[in-house]
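**Q** Have a look at the structure that comes next, please.
Values quoted throughout were computed directly from the atomic coordinates according to the rules given, and no laboratory measurement underlies them. Fair warning: this is a prediction, and the values are worked out from it, not measured in the lab. Positions of Cβ are generated from backbone atoms using ideal geometry, with glycine treated the same way; all protein chains shown enter the neighbour counts.
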Amino acid sequence: MNRRFQMFDSVKLTEEIILTDGGVAPVGTIGTVVEVFKDGEAYMVELFGDWVKYNEQGNFMLSSPDIAGSFVETIGVEIAYLHQLQLFKPACETVGLKAHLQSIIEELSEQSLADLRDFPDFLRTKQQEEISGLTHTGHI
């Protein structure tokens, strides 16, 4: 079954979500998919608020991305459903290639993992056959 979202996709809320702590994440809140449930029936999403930084007393104060020590505040980690989310940026644009591949690998069946393991050998054999065919026809 194809999923609309995968691990580490950046998403945007299309409707309000009530936070576990009692607050509300408004429409347009950005988040990151951190877990996929039942082949995409639901998603655990880390939701982000404003840019903040710690003041001298150790409390959050509003900030901006260009100020040293600033970061985006996590306002909740909540379950969201497909109809509540819109893709903002795919995982391939938000995390490194290895992390993206690892998240895909973790979701594959044993048979798909075996196919993935065998795929480089298939490509190598195909390339060798192409080179061999070119050699025999005098194109090299």
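**Q** Can you list the HN-Hα couplings for segment 25-36, worked out from phi with the Karplus curve (6.51, -1.76, 1.60; θ = phi - 60°), rounded to whole Hz and with x for Gly and Pro?
**A** So the Karplus estimates, Gly and Pro as x, are 8, x, 3, x, 4, 8, x, 10, 5, 10, 7, 10 Hz.
**Q** While we're looking at this one, here's another question. Taking 32 Å as the cut-off for C-alpha to C-alpha distance, list the pairs among K89/K126; K38/K89; K12/K53 that go past it.
**A** Listed pairs above 32 Å: K89/K126.
**Q** On to the next question. Give me, ordered by chain and number, the residues 5 or more places off S63 or on other chains with an amide H under 5 Å from its own placed amide H.
**A** The list, which skips near neighbours in sequence, is W51, V52, K53.
**Q** Now for a separate question. From the C-alpha coordinates alone, can you work out the Kirkwood hydrodynamic radius of segment 10-95, in Å?
**A** After inverting the pairwise mean of 1/r, the radius is 13.8 Å.
**Q** Tell me, L47, L62 in order of fewest to most beta-carbon neighbours within 10 Å?
**A** Ascending Cβ contact count within 10 Å gives the list L62, L47.
**Q** Let me ask something additional. Which far-off residues, 5 or more places away or on another chain, put their amide H under 5 Å from the one on G76, with H placed in the peptide plane?
**A** Sorted by chain and number, the residues that satisfy this are L47.
**Q** Taking amide hydrogens as modeled 1.01 Å from N in the peptide plane, which residues meet the under 5 Å criterion relative to V27, leaving out close sequence neighbours?
**A** For V27, the qualifying residues are E16.
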